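Chemist: One structure, as structure tokens, below. Some questions next.
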Amino acid sequence: MKKIHLFTIVLVLISFSACSQSKEKEETRQVTTKAKPMSYNYLSKEEQKVILNKGTEYPYTGQYYAFDVEGTYLCKQCNTPLYKSTDKFDAHCGWPSFDDEIPGAVKRITDADGQRTEILCANCNAHLGHVFLGEGFTGKNTRHCVNSISLNFIPIKMNQQQNLQRAIYAGGCFWGTEYYLQKAKGVVSTTVGYIGGNKQNPSYEEVCSHNTGHAEAVEVYFNPEETNFEELTKLFFEIHDPTQVNRQGPDIGEQYRSEIYYLNEEQKEISQKLIAQLEAKGYKVATKLTAASAFFSGETYHQDYYKKKGGTPYCHSKVSRF
Ligand SMILES: [Zn+2]
């Protein structure tokens, strides 16, 4: 339904050049840090350049520089809440700037250059950027200059550190997948968006043009004290039809494929186990398992679609399969 009018702009979109970044998947993780390694997220090569090797993204290019939504910024590697949107300001420097951090979340050390002060996630030592004092931008006289690529964002206010875990599912039209996942116990935040393609920050129209290779997906943050990846993944298999190939009901096209973008080895193994259980019951499961690459948030009008519009999904329903 919603895709039909979008095919008209295919020709315009063909001229967009593909970026090579988001297809790159790297399954190595930093394991020399103190948080539970199993809970760390895989990092793409681009993410590793900054987060593990202390690189710097080009100014004015990051996802969160010109970004002004109320919520919380999390560590890309370990999901620890680091910064609040209320502490964000525009220093016109090309990188997200904050004049304060969530208490205890950010560690400061002298940079290798002996001059600047490097900032790291206090939980997992992910490189964030640098902190500068005495510039007079705000009353706190402090500027945390942070690489967007070191962060993820959730539109939820959090004033303290909290242990969250992340999962990414593609199961047809993201409106319907989000509708069910956001109702699940222990789910703190859901965001619909795009993953698995060959262009950064694609638009909905670009994804529907079938040229970028992205899947419509839902990023979920959950509280591991109230639920776990296995429970949510079982739900995922019951709210869409995992036997359909590149479609979900009336929605046809590879952006509607069934795919789990696992973030660590534990998620991969649990997904394999559940698929084996379904296959033992006779289901011919089409769901792909892929190491997560960069997830890009979808447009605001796609977020919480059924919550805002009312009604129930035309493309998804809950079916007991386990
Ligand atoms: Zn971290």
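Chemist: At pLDDT below 95, under 27 Å from Phe296 (Cβ atoms) and not aromatic (Phe, Trp, Tyr), is that true of Ile154?
Modeler: Values: at pLDDT below 95: yes; under 27 Å from Phe296 (Cβ atoms): yes; not aromatic (Phe, Trp, Tyr): yes.
For Ile154, the condition - at pLDDT below 95, under 27 Å from Phe296 (Cβ atoms) and not aromatic (Phe, Trp, Tyr) - is met.
Chemist: Right, Gln182: surrounded by fewer than 20 Cβ atoms within 10 Å (Cβ to Cβ) and touching a helix residue (DSSP H, G or I) at 6+ places or on another chain (Cβ under 8 Å) or not?
Modeler: On the way: surrounded by fewer than 20 Cβ atoms within 10 Å (Cβ to Cβ): yes; touching a helix residue (DSSP H, G or I) at 6+ places or on another chain (Cβ under 8 Å): yes.
So Gln182 fits the description; yes.
Chemist: Something else: Assess whether Lys199 counts as being without any contact (Cβ under 8 Å) to a residue 40 or more places away in the chain, of a type in the set (Lys, Arg), within 30 Å of Ser258 (Cβ to Cβ) and away from the ligand (no atom under 16 Å from the Cβ).
Modeler: Values: without any contact (Cβ under 8 Å) to a residue 40 or more places away in the chain: no; of a type in the set (Lys, Arg): yes; within 30 Å of Ser258 (Cβ to Cβ): yes; away from the ligand (no atom under 16 Å from the Cβ): yes.
So Lys199 fails the test.
Chemist: Would you say Thr56 is among the hydroxyl-bearing types (Ser, Thr, Tyr), under 28 Å from Val220 (Cα atoms), assigned to a helix (DSSP H, G or I) and modelled with pLDDT of 95 or more?
Modeler: Values: among the hydroxyl-bearing types (Ser, Thr, Tyr): yes; under 28 Å from Val220 (Cα atoms): yes; assigned to a helix (DSSP H, G or I): no; modelled with pLDDT of 95 or more: yes.
Judged against the criteria, Thr56 is not a match.
Chemist: Which of the residues that make up the stretch 86-105 are over 22 Å from the mean Cα position of the chain (by Cα), small (Gly, Ala, Ser) and within 17 Å of His130 (Cβ to Cβ)?
Modeler: To start, the set of residues in the stretch 86-105 that are over 22 Å from the mean Cα position of the chain (by Cα) comprises 89-93, 99-100, 103-104.
Retained after the next criterion (residues that are small (Gly, Ala, Ser)): 91, 104.
Across the stretch 86-105, the qualifying residue is only Ala91.
Chemist: Listed residues His127, His144; which is under 26 Å from Val69 (Cβ atoms) and within 14 Å of the ligand (Cβ to nearest atom)?
Modeler: On the way: His144 fails: within 14 Å of the ligand (Cβ to nearest atom).
After ruling out the rest, the residue left standing is His127.
Chemist: Turning to a different aspect of this structure: Would you confirm whether or not the stretch 69-85 contains a residue that is over 19 Å from Tyr221 (Cβ atoms) and either modelled with pLDDT under 95 or more than 20 Å from the chain's Cα centre (by Cα) (or both)? Before the answer, list the steps.
Modeler: Residues of the stretch 69-85 that are over 19 Å from Tyr221 (Cβ atoms), as a first pass: none.
Within the stretch 69-85, none of the residues are over 19 Å from Tyr221 (Cβ atoms) and either modelled with pLDDT under 95 or more than 20 Å from the chain's Cα centre (by Cα) (or both).
Chemist: While we're on this one: Got a sec? Which of Thr233, Thr190, Thr212 is over 25 Å from Leu151 (Cβ atoms) and in contact (Cβ under 8 Å) with a residue 12 or more places away in the chain? I'd like the intermediate steps shown before the answer.
Modeler: Values: Thr190 fails: over 25 Å from Leu151 (Cβ atoms); Thr212 fails: over 25 Å from Leu151 (Cβ atoms).
Residue meeting the stated conditions: Thr233.
Chemist: If a residue counts only when it is of a type in the set (A, V, I, L, M), which helices (runs of 4 or more DSSP H) contained entirely in the stretch 204-322 have at least 2 such residues? Don't jump to the end; show me each part of the working.
Modeler: Details: elements: 204-208, 229-239, 265-280, 305-309.
Helices (runs of 4 or more DSSP H) meeting the threshold: 229-239, 265-280.
The values are calculated or read from the model by the stated rules, or taken from the named source; none is laboratory data. Note that the coordinates shown come from a computational prediction; the quantities given were computed from them, not determined experimentally. Neighbour counts are summed over all protein chains in view; Cβ atoms, including those assigned to glycine, are modelled from backbone coordinates with ideal geometry.
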